[in-house]
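The values are calculated or read from the model by the stated rules, or taken from the named source; none is laboratory data. From a predicted model like this one, the values you see are computed outputs, not experimental measurements. Note that we place each Cβ from the backbone using ideal geometry, even for glycine, and neighbour counts take in every protein chain shown. Just the protein is used for accessible areas: all its heavy atoms, side chains included, with ligands, DNA and RNA removed. Shrake-Rupley method; radii C 1.70, N 1.55, O 1.52, S 1.80 Å.
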Amino acid sequence: HAKSKGKNTFHTFTEELFLTVHAREKTKRALQFALEHAEFELYYQPQLKGERLVGVEALLRWNSASLGSVRPDEFIALAEDTGLIFPIGQWVLEQACRQAAIWKEAGRPLRIAVNISPRQFAHPEFLSQVMNCLRINNLPGDLLEIELTERLVIQDLQAAAAKIKQLLHIGVKVSLDDFGAGHSSISYLMTLPVSALKIDRNFVRNAERSKSGQQMIQAITAIAQAMDVHVVAEGVETEAQLTLVSSLGCEVVQGFLLSRPITVEQLERWRLENH
Ligand code: C2E
Ligand code: MG
Ligand code: MG
Ligand code: MG
């Protein structure tokens, strides 16, 4: 950023723009490098129903040789803009399916939820990509879950609904991520045959602070019940939040209180210790 260059340096708009473009170019090149040099890794965050581990969410980690560790929020959008999300998303899907197959073959099956970006989901090859991953790894569909955001679904509701149906048909679970954070309406939602709603963590935070925050969660769980879908509470950080969201009807919880996203090795140890 221009400010970090020092108080006496004045940057024109064009210079500012150049710096931004330059930073984007640098990140884009670093992303390409990352794909070729295996700098990505999947971490897994446990999802619990009571004491029982019901699944994990795969979360992408990037340890870049040139940029250090970069969080997904800082590079996923750029990856989408540049189209690099296609090879990156493909890698994530393959990696997750491979891991799910390893756990299944070891007699400890565990469902893995994978975040899918809007462009990746919209791609005409997306379904065959999923089916290939399942087939190659001899993985039943119900050990894979796809997380979609509302933003994506609303762009082309009919197409999204049709694709979701096809996923469900092969046994793959589909959930709506960051639910409530976007601009969903109940009527949109009713046309989508999803398996679960993931309540955005801001709702969890607000519920602790206000009565109306609690009522929001109650409203969401009521909608979910009417649709016959599960509810997952995201970002549960404290015992108080856990007690609260459970009492408000969230069956499955995910958050730092239970576990941060961890490596495969750490998850193996976690499973041995907790289950
Ligand atoms: P998300 O799918 O909503 O994932 C949950 C995010 O919340 C993760 O951030 C997770 O580390 C964080 N989190 C979990 N529990 C807690 C908690 O108790 N407190 C707090 N403060 N945070 C918690 P992360 O890993 O940085 O990922 C950010 C977002 O990047 C994800 O949000 C998802 O939208 C996207 N993303 C991550 N991996 C992938 C991927 O493989 N593909 C795509 N397309 N997007 C991804
Ligand atoms: Mg997610
Ligand atoms: Mg989320
Ligand atoms: Mg999010």
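Does Leu110 qualify as being open to solvent by less than 30 Å² (accessible area, probe 1.4 Å), within 16 Å of ligand 1 (Cβ to nearest atom) and outside any helix (DSSP H, G or I)?
Answer is no for this residue.
Filter the range 56-70 down to residues that are within 12 Å of ligand 1 (Cβ to nearest atom) and not small (Gly, Ala, Ser) and give me whichever is surrounded by the most Cβ atoms within 10 Å (Cβ to Cβ).
Per the criteria, the residue is Val56.
Collect the residues in the range 120-139 that are part of a helix (DSSP H, G or I) and either away from ligand 2 (no atom under 16 Å from the Cβ) or under 29 Å from Arg52 (Cα atoms) (or both), keeping them in residue-number order.
Ala122, Phe126, Leu127, Ser128, Gln129, Val130, Met131, Asn132, Cys133, Leu134, Arg135, Ile136
What is the one condition in (1) assigned to a helix (DSSP H, G or I); (2) in contact with a Lys or Arg (Cβ under 9 Å, 6 or more places away or on another chain); (3) within 16 Å of ligand 2 (Cβ to nearest atom); (4) open to solvent by less than 20 Å² (accessible area, probe 1.4 Å) that Ala96 does not satisfy?
(2)
Are there any helices (runs of 4 or more DSSP H) wholly within the range 178-275 with 2 or more residues that are at pLDDT 90 or above, and if so which? Talk me through it step by step, then tell me what you get.
Working: elements: 186-190, 201-209, 211-227, 239-247, 264-274.
The helices (runs of 4 or more DSSP H) meeting that bar are 201-209, 211-227, 239-247, 264-274.
Quick one: Asp73 ticks every box in (1) open to solvent by less than 20 Å² (accessible area, probe 1.4 Å); (2) under 25 Å from Asp156 (Cβ atoms); (3) out of contact with any helix residue (DSSP H, G or I) (no Cβ under 8 Å at 6 or more places or on another chain); (4) assigned to a helix (DSSP H, G or I) bar one, so which box is it?
The single condition Asp73 does not satisfy is (1).
Just one of (1) touching an Asp or Glu at 6+ places or on another chain (Cβ under 7 Å); (2) open to solvent by 50 Å² or more (accessible area, probe 1.4 Å); (3) touching a residue at least 60 places away in the same chain (Cβ under 8 Å) trips up His230, so point out which.
Every condition holds for His230 apart from (3).
Got a sec? Which of Thr243, Thr238, Thr263 is exposed (fewer than 15 other Cβ atoms within 10 Å of the Cβ) and either closer than 22 Å to Glu147 by Cα or within 17 Å of the chain's Cα centre (by Cα) (or both)?
Details: Thr243 fails: either closer than 22 Å to Glu147 by Cα or within 17 Å of the chain's Cα centre (by Cα) (or both); Thr238 fails: either closer than 22 Å to Glu147 by Cα or within 17 Å of the chain's Cα centre (by Cα) (or both).
The match here is Thr263.
All but one of (1) open to solvent by less than 80 Å² (accessible area, probe 1.4 Å); (2) more than 16 Å from ligand 2 (Cβ to nearest atom) hold for Met190; state the number of the condition that does not hold.
Unmet condition: (1).
Name the residues in the range 130-157 that are crowded, with 17+ Cβ neighbours inside 10 Å and either over 19 Å from Ser195 (Cβ atoms) or within 16 Å of ligand 3 (Cβ to nearest atom) (or both), would you?
Asn137, Glu145, Ile146, Glu147, Leu148, Thr149, Glu150, Leu152, Val153
Residues in the range 223-238: is at least one on the phi > 0 side of the Ramachandran plot and touching a Lys or Arg at 6+ places or on another chain (Cβ under 7 Å)?
Yes: one or more hits.
Of the residues that make up the range 176-190, is at least one within 20 Å of the chain's Cα centre (by Cα), free of Cβ contacts under 8 Å to residues at least 24 places away in the same chain and within 19 Å of Asn115 (Cα to Cα)?
no
Under the condition of being within 23 Å of Asn115 (Cβ to Cβ) and away from ligand 1 (no atom under 15 Å from the Cβ), which residue from the range 195-220 is nearest to the chain's Cα centre (by Cα)?
Checking each candidate, the answer is Ser195.
I'd like to verify a number: residues in the range 194-209 that are open to solvent by 40 Å² or more (accessible area, probe 1.4 Å) and more than 20 Å from Val54 (Cβ to Cβ), how many?
5
I need the full set of residues from the range 37-67 which are over 12 Å from the mean Cα position of the chain (by Cα), within 22 Å of Ser195 (Cβ to Cβ) and of a type in the set (S, T, N, Q), in order please.
Of everything in the range 37-67, just one residue is over 12 Å from the mean Cα position of the chain (by Cα), within 22 Å of Ser195 (Cβ to Cβ) and of a type in the set (S, T, N, Q), namely Gln47.
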